[in-house]
């Protein structure tokens, strides 16, 4: 199998993988985005069994339209391959079947007659025990699903002349988004308030102190509901310069409010001494951007 063939097969399979789980709206109606696409793009035939429409959709939207007639009827699609339409080939049974082939079934169990096929799917993977994975639309669950099948009901399969498409460029792998640069000046301001060495790096110590103070501040005002999560009271009291008695009482809460105002000023949010939603969102955004240089 040429590299070009592998690339094209993978492109078509990825179209199907991306649509796994597609059902019908409403259930049992034979209506979904694939049948809408077929009626708009290939031929207006209304809603109906859509397993072969799925094969057509995957090939045409995957860049292989020139290799396959637009079909909704499984028998005609199998006949196309039997007649070598557009360079395709037909093979009875499953011997030699591979990924990218379209397999056709006859649930009555009769074999050797393409005029009896009544279901189809695109082969994804051949397993070593005589079974294979197929990506099929309009399964018994009325969905596009990955099914594990064997040869029992298979009439045959169609193979396409992938190399007729010419060279195909590999799908480019998107570059990961650039990591935002840490806001060193902000980190140093917050570290000073947290009584951490202001080195401009939001590491484990800075994060532990920040999370501690967030819990303490939210416990003070009960936002969004009263927060009773335990926290290191003595450490919080030490940071806000209040009496270190391990009791989070009115004096500690008042000092906490003064400390929150300083923290809000550093974050650039309205200063009210209340660790509410706006302050919390600003803090979480700063943490996401700067934690371990994110």
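The values are calculated or read from the model by the stated rules, or taken from the named source; none is laboratory data. Keep in mind it's a predicted model, so treat the numbers as computed, not measured. Methodologically, a virtual Cβ is constructed for each residue, glycine included, from the backbone with ideal geometry; neighbour enumeration extends over all protein chains shown.
The table that follows gives values for the structure above.
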{"quantity": "Matching residues, the stretch 236-250, being in a helix (DSSP H, G or I) and free of Cβ contacts under 8 Å to residues at least 40 places away in the same chain", "calculated": "236, 237, 250"}
{"quantity": "Residue check for residue 138: assigned to a loop (DSSP other than H, G, I, E, B), assigned by TED's automatic domain parsing to the domain that holds residue 80, in contact with a strand residue (DSSP E or B) (Cβ under 9 Å, 6 or more places away or on another chain) and crowded, with 16+ Cβ neighbours inside 10 Å", "calculated": "yes"}
{"quantity": "The one condition in (1) in contact with a strand residue (DSSP E or B) (Cβ under 9 Å, 6 or more places away or on another chain); (2) farther than 23 Å from residue 166 by Cα; (3) surrounded by fewer than 23 Cβ atoms within 10 Å (Cβ to Cβ) that residue 108 fails to fulfil", "calculated": "(1)"}
{"quantity": "One residue from 28, 21 being surrounded by fewer than 17 Cβ atoms within 10 Å (Cβ to Cβ), in a loop (DSSP other than H, G, I, E, B), under 24 Å from the mean Cα position of the chain (by Cα) and at positive phi", "calculated": "21"}
{"quantity": "Residues satisfying the stated conditions in the stretch 47-94, i.e. under 22 Å from residue 142 (Cα atoms), assigned to a loop (DSSP other than H, G, I, E, B) and touching a residue at least 40 places away in the same chain (Cβ under 8 Å)", "calculated": "49, 50"}
{"quantity": "Checklist (1) farther than 30 Å from residue 28 by Cβ; (2) over 31 Å from the mean Cα position of the chain (by Cα) applied to residue 154, failing item", "calculated": "(1)"}
{"quantity": "Answer residue from the stretch 31-40, given it is over 16 Å from residue 139 (Cβ atoms) and touching a helix residue (DSSP H, G or I) at 6+ places or on another chain (Cβ under 7 Å) and is surrounded by the fewest Cβ atoms within 10 Å (Cβ to Cβ) among those", "calculated": "37"}
{"quantity": "Close pairs (8 angstrom Cβ cut-off, 6 or more residues apart or separate chains): in contact (Cβ under 8 Å) with a residue 40 or more places away in the chain in the stretch 22-46, loosely packed, with under 12 Cβ neighbours inside 10 Å and not in a loop (DSSP other than H, G, I, E, B) anywhere", "calculated": "22/33"}
